[in-house]
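Since the structure comes first, as structure tokens, the remarks are kept for the end.
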There are 2 protein chains.
Amino acid sequence: MAEIAPTMQAALDAWEEVEPALRRVYAAMQGDATLGVPATSVRMRNVLPRAYEWVDGSAYLNHVILVRKARNAEPPATLRTDPLVYQGGSGVLLDPSAPIVCTNPEFGHDFEAEVAVILGDTPLGTTADAAAASIRLVTIVNDITLRNLIPDELAKGFGFFQSKPASVFGPVAVTPDELGEAWRDGRLHLPMNVWWNGTQVGRANAGPEMHFGFHELIAHLCKTRAYTAGTVLGSGTVSNEDPAMGYSCIAEIRMREIIANGKPSTRFLQPGDHVRIEVFGTDGDSIFGAIDQAVTG
Amino acid sequence: MAEIAPTMQAALDAWEEVEPALRRVYAAMQGDATLGVPATSVRMRNVLPRAYEWVDGSAYLNHVILVRKARNAEPPATLRTDPLVYQGGSGVLLDPSAPIVCTNPEFGHDFEAEVAVILGDTPLGTTADAAAASIRLVTIVNDITLRNLIPDELAKGFGFFQSKPASVFGPVAVTPDELGEAWRDGRLHLPMNVWWNGTQVGRANAGPEMHFGFHELIAHLCKTRAYTAGTVLGSGTVSNEDPAMGYSCIAEIRMREIIANGKPSTRFLQPGDHVRIEVFGTDGDSIFGAIDQAVTG
């Protein structure tokens, strides 16, 4: 496909021109059994090895409320009316099978399973109604977080900086139309499956409890700025109120333990651990491929 | 120079290979009088129209102390030991002559004159001693800030997001060696000249009062992440304790007015205003070209 667009960024920069040719390649691939789901021995790269912008929301209110309780902080008064977003680092994004390197066991390494959209050029002042047209692609993210660095970083008032190392992106991104009925109201209505050391710990539905849809997050972003093609926007950690749906980050299970028992009993990640994140369509097929990471020292 | 590197980003991505050829072009230009300072009628572009990362420090403690006083906030307890940095948006960076568009007069548009460095690939764990080698280029920035949006954004705990629209970069970036004695200890020891509506309002020296040098800021950045070539790192608003040196942002003069008179008397930017930022070498030549912007409605 290099003759259509040498890189994903080049495709995003010239989407209108290249989309028809890319769709023809895609259609041809559907009829070719040799181009199905790759064998697990194939090392998949992430969708974008670096992006011009990575903005991450926190649109699942259950996650915001639980995580703030865990650090004795109140949710903001505008929780239900004003989206929470932070600017993340985007110059180095990790492959879906990249190891999670615990550079310091004191940092409290945690995973955060999220949905993300990749935007086309999006002007200043884009409204929620117009924003759906900016969404080129949908994928999944593991937004690695250093829980024990967050309190000191936030106390300085400048955001999460050191507590957010490089994020990990899925190997496949799909256009919203490819998701059919599962993509509606600017939300992905499918379970976010998370395994930790081989045990499934999360199956929260990414749709109904996403308080702000991606189109609403985009309108929030565009209040004072424009965005270039290739900007990645995350949903925040997928989270459901029902504890039976499990968790998409360790911080949440620890908070539920504190509420139940007065103290957490689940530890954060440590070398030797393994994390897998994957979303399946109603036909059982993996949509974005798997984020599948070993934790190393 | 397109045959050496088609874009500045391409040059930064392959710096070791292209630097000798770029230096030969530069040397040839020195002998050609037709390639001197461009006429003011030439529209200069910024150094990078978009970057993979824009991280902005706040290394002039006088600025931190004054601006926090202005919003009744205490400076962090670790002010002198732990650098303040925030992640800025980098997908859209503005030309040095781009208008400052006051989309809403209530936002409190302000300028912030800063020094910035552009990095080569910089690994996780880079120390301050090793960091000087990561600095490829030096330039200037106008980090436009929406003062009246800051309190609500910071109250949400996720950083400055909506209060930091697109930043404006100088038309020229130079290698540190080009600065001679003016570049030492990871700091630019020259005055930051700022004119507002034709009156020079700032001439603060960017060197001595930069509490953390760029090499120290880089070490801080690299505690938990690596950076790609083309990452831009800002110094924060240049600020001197001596009021005779003026100011590099309106917020500072307003704070001094509050301290002296109980209330500010200087307004923020409004349509019809004009801002110019420029640094001169000891020989009187403009080093980075001028950031020269009209304010529009």
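Okay, here's what the table says:
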{"item": "Pair list, Cβ < 7 Å and 6+ apart or interchain, from segment A:131-148 residues that are within 26 Å of A:Leu269 (Cβ to Cβ) to residues that are open to solvent by 10 Å² or more (accessible area, probe 1.4 Å) and among the hydroxyl-bearing types (Ser, Thr, Tyr)", "result": "A:Leu146/B:Thr224"}
{"item": "Count of residues meeting criterion [within 18 Å of the chain's Cα centre (by Cα) and not in a loop (DSSP other than H, G, I, E, B)] in segment A:133-157", "result": "12"}
{"item": "Given (1) under 22 Å from A:Glu216 (Cα atoms); (2) modelled with pLDDT under 95, number of the condition A:Pro151 does not satisfy", "result": "(1)"}
{"item": "Those residues of segment A:248-265 which are part of a loop (DSSP other than H, G, I, E, B) and open to solvent by 30 Å² or more (accessible area, probe 1.4 Å), in sequence order", "result": "A:Gly262, A:Lys263, A:Pro264, A:Ser265"}
{"item": "Test result for B:Asn72, in contact with an Asp or Glu (Cβ under 6 Å, 6 or more places away or on another chain) and either at positive phi or open to solvent by 20 Å² or more (accessible area, probe 1.4 Å) (or both)", "result": "no"}
{"item": "Pair list, Cβ < 6 Å and 6+ apart or interchain, from segment A:216-244 residues that are away from every other protein chain (no Cβ under 14 Å) to residues that are of a type in the set (D, E, K, R)", "result": "A:Ser235/A:Glu114; A:Asn240/A:Glu209"}
{"item": "Within segment A:66-84, tally of residues that are closer than 21 Å to A:Asn240 by Cβ and modelled with pLDDT of 90 or more", "result": "4"}
{"item": "Residue check, B:Ser134 out of contact with any Phe, Trp or Tyr (no Cβ under 6 Å at 6 or more places or on another chain) and under 30 Å from A:Thr122 (Cβ atoms)", "result": "no"}
{"item": "Matching residues in segment B:56-97 - criterion: being more than 12 Å from chain A (Cβ to nearest Cβ) and assigned to a loop (DSSP other than H, G, I, E, B)", "result": "B:Ala59, B:Asn72, B:Arg80, B:Asp95, B:Pro96, B:Ser97"}
{"item": "Matching residues in segment A:115-158 - criterion: being facing another protein chain (nearest Cβ under 10 Å) and either under 22 Å from A:Met255 (Cα atoms) or β-branched (Val, Ile, Thr) (or both)", "result": "A:Thr122, A:Ile144, A:Leu146, A:Leu149, A:Ile150, A:Asp152, A:Glu153, A:Leu154, A:Ala155"}
{"item": "All positions within segment B:185-235 that are β-branched (Val, Ile, Thr) and more than 28 Å from B:Phe268 (Cβ to Cβ)", "result": "B:Ile218, B:Thr224, B:Thr228, B:Thr231"}
{"item": "Count - residues of segment A:159-169 that are within 12 Å of chain B (Cβ to nearest Cβ) and either part of a strand (DSSP E or B) or farther than 30 Å from B:Ala155 by Cβ (or both)", "result": "0"}
{"item": "Of residues in segment B:101-114 being buried (at least 24 other Cβ atoms within 10 Å of the Cβ) and hydrophobic (A, V, I, L, M, F, W, C), the one nearest to the other protein chains (Cβ to nearest Cβ)", "result": "B:Phe111"}
{"item": "Where A:Arg225 falls short, out of the listed (1) open to solvent by less than 10 Å² (accessible area, probe 1.4 Å); (2) part of a loop (DSSP other than H, G, I, E, B); (3) in contact with a Pro (Cβ under 6 Å, 6 or more places away or on another chain)", "result": "(1)"}
{"item": "Hits in segment A:75-94 - residues which are touching a residue at least 12 places away in the same chain (Cβ under 8 Å) and either among the β-branched types (Val, Ile, Thr) or surrounded by fewer than 17 Cβ atoms within 10 Å (Cβ to Cβ) (or both)", "result": "A:Arg80, A:Asp82, A:Val85, A:Val92"}
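Here's the yes/no breakdown for (1) in a loop (DSSP other than H, G, I, E, B); (2) surrounded by fewer than 24 Cβ atoms within 10 Å (Cβ to Cβ):
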site	(1), (2)
B:Pro171	yes, yes
B:Glu181	no, yes
B:Asn193	no, yes
B:Gln200	no, yes
B:Gly207	yes, yes
B:Leu217	no, no
B:Ala229	yes, yes
B:Val238	yes, no
B:Ala244	no, yes
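The values are calculated or read from the model by the stated rules, or taken from the named source; none is laboratory data. Treat the numbers as computed from the prediction; the structure is a model and nothing was measured. Using ideal geometry, Cβ is built from the backbone for each residue, glycine included, and neighbour counts are taken over all protein chains shown. Heads up: the accessible areas ignore ligands, DNA and RNA and are worked out on the full protein's heavy atoms, side chains in. Shrake-Rupley method; radii C 1.70, N 1.55, O 1.52, S 1.80 Å.
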